[in-house]
Every structure is written in structure tokens, then in C-alpha cells.
Amino acid sequence: MIAIIRIKGMVGIRKDLAETLSRLRLRRKYSCVVLVNPTKEQLGMVKKVKDFVACGEVDEKFFEKMIKARGKSLDKKKEVDAKKVIDGLIKGKKYEELNLKPFFRLHSPRGGFKSKGGASPIKTHYPKGVLGDHKEKINELIERML
């Protein structure tokens, strides 16, 4: 499972990159999408927008915590069961079939963005900043944003 978080906003963004972010359902700053079984095309889109997003691998346990904390149901009357949602997504169902919105709205990270350098922490890639591929360390960033 790959989690993708949009870090940069819409101002001054090229039209093709805005379209790609929209197709990934990352229309606002600090929105997050989890791709359970990413296709080759989706991975290409993530690679294209790597300068605007943070991404990495999440495990099932943390994804369940994310659904409980920030998952919103399509039908307000029904409750969302995180275990059933994860099992359904792994089997190939879509978020809409499982009564869950396909994106998560997160807060800005508590404690701010961590940086190891003189440049702005948002404008640099992972070892020094927040953009790009975090691999398994994305869980720490999402934890501060829940």
C-alpha cells in the first residue's frame, strides 16, 4: 500500500501537473490517498508529481488507524468498519463500494516539517526535506498529521 500526501498548494502549478494531481484525487493541500494495489499508470503519475507530494509504504495496522481517525463515510448514517474496509480493498473493491471517501483530509504536521539544511523544508526532497519518497518513514509524518 502506498500513501501519497499533497504538500504544495495550487498557486503557480503547471496545467498537466494539476491534472495529474486531480486524477490522483489530491485536489487540496494536506490531502492523502492510499493506493492499495497501485497500477503501472498510477506509479507513473506519482513519479510525475514527486516534487509536490510525499509518498511511501504504509502497513495494514497503520492504515487501519488512519481509517479510524480520518476516514469519512459516504453515507453518514452508516458506520465505517476499518477491518472490513481493508479486507475489501485488498480483494479489489473500490472505496465507494465500501462506503468510504477515497481520500483523507489531514492536518498540517504537529511540530512542523522537519528539515536538515538551510533551504526551506518543503522545497527539498526527503533526506533533508519532506517531498519525495519516504519509504516506510511516511508513517511518522502521517502520525503527526492525523
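The values are calculated or read from the model by the stated rules, or taken from the named source; none is laboratory data. Just so it is clear, the structure is predicted and the values come from calculations on it, not from any experiment. Here the Cβ is made from the backbone with ideal geometry for all residues, glycine too, and neighbour counts use every protein chain on show.
With modelled with pLDDT under 90, more than 24 Å from residue 11 (Cα to Cα) and exposed (fewer than 12 other Cβ atoms within 10 Å of the Cβ) as the only criterion, which of 136, 41, 140 stands out? Give the derivation first.
Numbers: 41 fails: modelled with pLDDT under 90; 140 fails: exposed (fewer than 12 other Cβ atoms within 10 Å of the Cβ).
Matching residue, one of 136, 41, 140: 136.
Residues are listed down the side, and each one gets a yes or a no for (1) in contact (Cβ under 8 Å) with a residue 12 or more places away in the chain; (2) of a type outside the set (A, V, I, L, M, F, W, C); (3) more than 29 Å from residue 87 (Cα to Cα):
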position: 12; (1), (2), (3): no, yes, yes
position: 19; (1), (2), (3): no, yes, yes
position: 29; (1), (2), (3): yes, yes, no
position: 33; (1), (2), (3): yes, no, no
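Go over the candidates 79, 57 one by one and state the one that is at pLDDT 90 or above and not hydrophobic (A, V, I, L, M, F, W, C). Don't jump to the end; show me each part of the working.
Values: 79 fails: at pLDDT 90 or above.
Unique residue meeting the criteria: 57.
Let me confirm something: among 21, 74, which residue is of a type in the set (A, V, I, L, M), touching a Lys or Arg at 6+ places or on another chain (Cβ under 9 Å) and in a helix (DSSP H, G or I)?
Numbers: 74 fails: in a helix (DSSP H, G or I).
That would be 21, the only listed residue that is of a type in the set (A, V, I, L, M), touching a Lys or Arg at 6+ places or on another chain (Cβ under 9 Å) and in a helix (DSSP H, G or I).
Restricting the search to region 38-65, which residues are in contact with an Asp or Glu (Cβ under 9 Å, 6 or more places away or on another chain), farther than 18 Å from residue 17 by Cα and part of a helix (DSSP H, G or I)?
Of everything in region 38-65, those that are in contact with an Asp or Glu (Cβ under 9 Å, 6 or more places away or on another chain), farther than 18 Å from residue 17 by Cα and part of a helix (DSSP H, G or I) turn out to be 62, 65.
Mind counting the residues in region 22-67 that are touching a Phe, Trp or Tyr at 6+ places or on another chain (Cβ under 7 Å) and aliphatic (A, V, I, L, M)? Working first, answer last.
Of all residues in region 22-67, those touching a Phe, Trp or Tyr at 6+ places or on another chain (Cβ under 7 Å) come to 25, 31-34, 66.
This time we only want the ones that are aliphatic (A, V, I, L, M), so: 33-34, 66.
Here the count works out to 3.
From the list 28, 70, exactly one residue is out of contact with any helix residue (DSSP H, G or I) (no Cβ under 7 Å at 6 or more places or on another chain) and closer than 15 Å to residue 139 by Cα. Which is it? I'd like the intermediate steps shown before the answer.
Numbers: 28 fails: closer than 15 Å to residue 139 by Cα.
Only one candidate passes the filter, namely 70.
Report whether or not residue 123 is in a helix (DSSP H, G or I), at pLDDT below 90 and either of a type in the set (Ser, Thr, Tyr) or surrounded by fewer than 18 Cβ atoms within 10 Å (Cβ to Cβ) (or both). Let's see the steps before the verdict.
Numbers: in a helix (DSSP H, G or I): no; at pLDDT below 90: yes; either of a type in the set (Ser, Thr, Tyr) or surrounded by fewer than 18 Cβ atoms within 10 Å (Cβ to Cβ) (or both): yes.
No.
Inside region 64-85, can you point out the residues that are out of contact with any strand residue (DSSP E or B) (no Cβ under 6 Å at 6 or more places or on another chain) and touching a residue at least 40 places away in the same chain (Cβ under 8 Å)? First the steps, then the outcome.
Restricting attention to region 64-85, the residues satisfying the condition of being out of contact with any strand residue (DSSP E or B) (no Cβ under 6 Å at 6 or more places or on another chain) are 64-69, 71-85.
If the condition is that a residue be out of contact with any strand residue (DSSP E or B) (no Cβ under 6 Å at 6 or more places or on another chain) and touching a residue at least 40 places away in the same chain (Cβ under 8 Å), then 65, 66, 69 are the ones that fit.
So residue 12 ticks every box in (1) of a type outside the set (A, V, I, L, M); (2) exposed (fewer than 13 other Cβ atoms within 10 Å of the Cβ); (3) in a strand (DSSP E or B) but one. Which box is left unticked?
(3)
Please specify each residue of region 104-120 satisfying the condition of being modelled with pLDDT of 80 or more and hydrophobic (A, V, I, L, M, F, W, C).
Step one: of region 104-120, the residues modelled with pLDDT of 80 or more are 104-112.
Within region 104-120, 104, 106 qualify.
Per-residue answers, yes or no, for (1) surrounded by 14 or more Cβ atoms within 10 Å (Cβ to Cβ); (2) more than 12 Å from residue 103 (Cα to Cα); (3) not aliphatic (A, V, I, L, M):
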{"position": "8", "(1), (2), (3)": "yes, yes, yes"}
{"position": "20", "(1), (2), (3)": "yes, yes, yes"}
{"position": "25", "(1), (2), (3)": "yes, no, yes"}
{"position": "58", "(1), (2), (3)": "yes, yes, no"}
